[in-house]
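**Student:** Pasting a structure below so you can have a look.
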């Protein structure tokens, strides 16, 4: 979907004409569904869809040229990704507040469904385990993990690499 199409739809939505929202939703439905699955929440897709609607409604249409580029498409996709990251962090904080822990691994609706993987995770030290969970379950970047753990990004990279080596070795034995 090019700038011209998105700008037209944004103007229609601002004029209270929601008949074209389905077109823009279809353009980003795959991305929303992907993040909904990663978040593992029933209401994540709805929250991201509402965010898309709010984003389109608040869009400053004068900042973008009505041309055939996909600049606005990339802007919306990046905004949805940023919202996903914010939701992921919010969910992670909420889970920590509830104190839901299982053998040092945060419970995420049985994402670690395999007993083999769960046993392998127990072989990791606390920092390896936490860095892998923050990265692969909650989508934190290495810089964010480094800040959270109080170490450098290079140290985070080493923790993750060694943790993945341990898991790979353990799973290949099983």
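**Student:** Filter region 121-134 for residues that are assigned to a helix (DSSP H, G or I) and surrounded by fewer than 19 Cβ atoms within 10 Å (Cβ to Cβ); which is modelled with the lowest pLDDT? Give the derivation first.
**Tutor:** Our first condition is that a residue be assigned to a helix (DSSP H, G or I); within region 121-134, this holds for 121-122, 126-134.
So of that shortlist, the ones also surrounded by fewer than 19 Cβ atoms within 10 Å (Cβ to Cβ) come out as 122, 126-127.
On the way: 122: 82, 126: 87, 127: 89.
Once the filter is applied, the top-ranked residue is 122.
**Student:** Would a scan of region 149-168 turn up a residue that is within 22 Å of the chain's Cα centre (by Cα), surrounded by 18 or more Cβ atoms within 10 Å (Cβ to Cβ) and within 19 Å of residue 87 (Cβ to Cβ)?
**Tutor:** no
**Student:** For residue 163, are the conditions met, namely being farther than 30 Å from residue 7 by Cβ and either modelled with pLDDT under 85 or in the same structural domain as residue 34 (by TED's automatic domain parsing) (or both)? I'd like the intermediate steps shown before the answer.
**Tutor:** Details: farther than 30 Å from residue 7 by Cβ: yes; either modelled with pLDDT under 85 or in the same structural domain as residue 34 (by TED's automatic domain parsing) (or both): no.
Criteria not met by residue 163.
**Student:** Can you pull out every residue in region 39-56 that is surrounded by fewer than 16 Cβ atoms within 10 Å (Cβ to Cβ) and modelled with pLDDT of 85 or more?
**Tutor:** Hits for region 39-56 are 46, 50, 53, 54.
**Student:** Which numbered condition in (1) under 14 Å from the mean Cα position of the chain (by Cα); (2) assigned to a helix (DSSP H, G or I); (3) at pLDDT below 80 is the only one that residue 138 fails?
**Tutor:** Among (1) under 14 Å from the mean Cα position of the chain (by Cα); (2) assigned to a helix (DSSP H, G or I); (3) at pLDDT below 80, the lone unmet condition for residue 138 is (2).
**Student:** Among the residues of region 10-38 satisfying the criterion of being touching a residue at least 40 places away in the same chain (Cβ under 8 Å) and more than 14 Å from residue 54 (Cβ to Cβ), which is surrounded by the most Cβ atoms within 10 Å (Cβ to Cβ)?
**Tutor:** Residue satisfying both the conditions and the ranking: 35.
The values are calculated or read from the model by the stated rules, or taken from the named source; none is laboratory data. Note that the structure is predicted; figures quoted are calculated from it, not measured. Counting neighbours? That spans all protein chains shown, and the Cβs are built from the backbone with ideal geometry, glycine included.
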